Amino acid sequence: MKFFIDSAEPEEVREACDWGLVDGVTTNPSLIAKTGRPYADVLRELCQIVDGPINAEVVAEEAATMVEEGQKLAQLDPKIVVKCPLTVEGLKATRALCRRSIAVNVTLIFSPLQALAAAKCGAAYVSPFIGRLDDIGQDGFCLVEQIVKIFKNYSFATQVLVASVRSPHHLLRAAEVGAHIATLPFNVIKQIVKHPLTDIGLKNFLCDWNKTKQHI
Ligand code: G3P
């Protein structure tokens, strides 16, 4: 399973990379806006830090301009994956960008048939937003299970990139249902490695070791 970090903040991306837990990055217009920096500058910096796909979303709402934006984003770096929303215009743009050999992650997916439509249009990735389904009392993992099963049924190469992950439990469920990738906020990455019994066990090991007065 691949871990992407869901962040546009280079410093936290750099730290998570140092932990060996980052295979790529996803951004979205809200995360970019939060940086207060020019979009292209942020993307170029992220491309310097991470040896993997860097997802950058178009902001136009009609296909022709989405394609223009997608081409501009893709020209920044070979690592750039263009994100298009799952709208009719987004599907049209996805087909056009794929025909130009530009990898597309179709985002804001909330149903299995949306994911199927994106795969049929050549998407390299689909991003089901599980946290936002949980927010309205629906089971985001039922959706992920359905998408994984449908893609297996028809041998789609499209990868399921679980997004809107809010907790380690979300990541666990994503791994259990066989999602290819999960994109994780830095706070979730931090929580993955922490366990109180690990801290207690290590403290006791070192306490006993220190009594020996030895050094390695
Ligand atoms: O970046 C896409 C997705 O991960 C957004 O997550 O928490 O804003 O629903 P969230």
Highest-MSF residue in the chain out of 106, 188, 160 [GNM, Cα springs under 10 Å]: 188
Compute the Rg/Rh shape ratio of region 20-66: radius of gyration over Kirkwood radius, all on alpha-carbon atoms. 1.01
Where the Cα atoms of the chain are projected onto their three principal axes, how long is each span, largest first, in whole Å? 71, 38, 31
Could you tell me how many degrees, from 0 to 90 and to the nearest 10, lie between the Cα long axis of helix 196-211 and the main elongation axis, the longest principal axis, of the Cα atoms of the chain? 30 degrees
For region 40-147, evaluate the Debye formula with one uniform point scatterer on each Cα (no solvent term) and list log10 I(q)/I(0) at q = 0.17 Å⁻¹, rounded to two decimals. -0.77
For residue 83, residues with placed amide H under 5 Å, excluding near neighbours: 56, 57, 58, 105
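Chymotrypsin sites (Phe, Trp or Tyr not before Pro) within region 14-121: which are DSSP loop residues with at most 16 other Cβ atoms inside 10 Å?
Working: sites: 19, 39, 110; in loops: 19, 110.
Filter output for region 14-121: 19.
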If you roll a 1.4 Å probe over the chain with all protein chains in place, what percent of the accessible area is carbon or sulfur? 55 percent
Work out from phi, with θ = phi - 60° and the Karplus expression 6.51 cos²θ - 1.76 cosθ + 1.60, the ³J(HN,Hα) of each residue of region 172-185, listed in order in whole Hz, and give x for Gly and Pro. 4, 5, 4, 5, 5, 8, x, 5, 6, 9, 10, 9, 10, x
Considering amide H positions built from the backbone, and no H for Pro or chain starts, which residues 5 or more places from residue 26, or on another chain, come under 5 Å of its amide H? 5, 6, 7, 55
Helix 39-49 versus the longest principal axis of the chain: what is the Cα-based angle in degrees, 0 to 90, to the nearest 10? 40 degrees
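To the nearest 20 Debye, how big is the dipole of region 21-60 about its Cα centre, given +1 on the beta carbon of each Lys and Arg and -1 on that of each Asp and Glu? Don't jump to the answer; show the numbers that get you there.
Working: 3 positive and 5 negative charges, 36 e Å.
Using only the charged Cβ atoms, the result is roughly 180 debye.
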Counting only GluC sites (Glu not before Pro) that are in a DSSP loop and have at most 15 other C-beta atoms within 10 Å, tell me the longest site-free stretch of the chain. 63-216
Could you give me the ³J(HN,Hα) list for region 161-169, computed from phi with Karplus coefficients 6.51, -1.76, 1.60 and θ = phi - 60°, whole Hz, x at Gly and Pro? 10, 6, 10, 6, 7, 10, 7, x, 4
Projected onto the charge dipole of the chain (unit charges on the beta-carbon of Lys, Arg, Asp and Glu, signs +1, +1, -1, -1), the Cα from 49, 187, 119 with the largest positive-side position is that of 119
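Pairs of alpha-carbon atoms within less than 8 angstrom and 6+ residues apart define the contacts here; what relative contact order does the chain have, in percent? Walk me through the intermediate numbers first.
Values: 378 pairs, mean separation 36.6, N = 216.
The value is 17 percent.
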Would you look at the GNM of the chain, springs on alpha carbons closer than 10 Å, and say which of 107, 27, 198 moves the most? 198
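Rounded to the nearest whole Å², what accessible area per residue is found for the chain with the 1.4 Å probe? Working shown, then result.
Values: 11300 Å² over 216 residues.
With all protein chains present, the chain gives 52 Å² per residue.
Taking the Cα centre of the chain as the origin, how large is its charge dipole in debye, to the nearest 20, when only Lys and Arg (+1) and Asp and Glu (-1) carry charge on their Cβ atoms? Provide the component values of the computation, followed by the final result.
Details: 23 positive and 24 negative charges, 94 e Å.
Roughly 460 debye, rounded to the nearest 20.
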Calculated from backbone phi, Karplus (6.51, -1.76, 1.60) coupling profile of region 134-149 in Hz, x at Gly/Pro: 4, 4, 10, x, 9, 8, x, 7, 4, 4, 4, 4, 4, 5, 4, 5
Skipping prolines and chain starts, which residues have an amide H placed within reach, meaning under 5 Å, of the one on residue 156, given they are 5 or more residues away or on another chain? none
Residue 6 - accessible surface, heavy atoms, 1.4 Å probe, Å² rounded to 10: 40 Å²
Taking trypsin sites (Lys or Arg not before Pro) as exposed when in a DSSP loop with at most 13 other Cβ atoms inside 10 Å, the chain has its longest clean stretch at 1-99
Pick from 109, 181, 49: which residue has the top mean-square fluctuation in a GNM of the chain where Cα pairs under 10 Å get a spring? 49
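The values are calculated or read from the model by the stated rules, or taken from the named source; none is laboratory data. What you see is a predicted model, and the numbers here were worked out from it, not measured in a lab. Here the Cβ is made from the backbone with ideal geometry for all residues, glycine too, and neighbour counts use every protein chain on show. Just the protein is used for accessible areas: all its heavy atoms, side chains included, with ligands, DNA and RNA removed. Shrake-Rupley method; radii C 1.70, N 1.55, O 1.52, S 1.80 Å.
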